[in-house]
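Take a look at the structure below.
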Amino acid sequence: QVQLVESGGDLVQPGGSLRLSCAASGKIFSSYTMGWYRQAPGNERELVATITKTGSTNYADSVKGRFTISRDNAKNAVYLQMNNLKPEDTAVYYCRYWLGPINYWGQGTQVTVSS
């Protein structure tokens with residue numbers, strides 16, 4: 001059984017940085033696409049960034065130039081470096097691994113950006 005566990009969420013001031021990590025246990029193939037999503041109170045879950053098995057990345061317009069997604073296939077891990085954080089980045093951040101009909105989600109980690 002596959003489990004994804006996020007870490008790295010915290011309270012940070014505007015302009016600050018955080019690095020989120022997502023580690024997988026169980027059988028994960030390097031061919032999985034990995035991604036980060038977020039959900040703020042009262043909002044729907046939204047895509048933040050994705051990275052394919054070949055390292056191609058995609059970002060939401062709202063985070064382009066500030067966030068960087070990366071992966072370590074040897075560790076079955078995906079990361080999200082978040083710089084120049086804004087209050088509107090406040091949300092629960094979830095990692096997701098998927099391949100065709102196979103789809104796994106983590107439990108989420110809270111990121112709060114506030115002075």
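The values are calculated or read from the model by the stated rules, or taken from the named source; none is laboratory data. None of the values given here were measured: they were computed from a predicted structure. With ligands, DNA and RNA removed, areas are computed over all heavy atoms of the protein, side chains included. Shrake-Rupley method; radii C 1.70, N 1.55, O 1.52, S 1.80 Å.
Short-range pairs are left out: with C-alpha atoms under 8 Å and at least six residues apart, the relative contact order of the chain is 36 percent.
Cross-link partners for K53 among the aspartates and glutamates, with Cα-Cα distance under 20 Å and sequence neighbours closer than 8 places in the same chain left out: E6, D72. For the chain, the alpha carbon convex hull comes to 95 Å³ per residue, rounded to a whole number.
Using θ = phi - 60° in the Karplus curve 6.51 cos²θ - 1.76 cosθ + 1.60, the 3J(HN,Hα) couplings for segment 10-20 round to 6, 8, 9, 7, x, x, x, 10, 9, 10, 8 Hz; x is entered for Gly and Pro.
Carbon-plus-sulfur accessible fraction, the chain (probe radius 1.4 Å, protein heavy atoms only): 47%.
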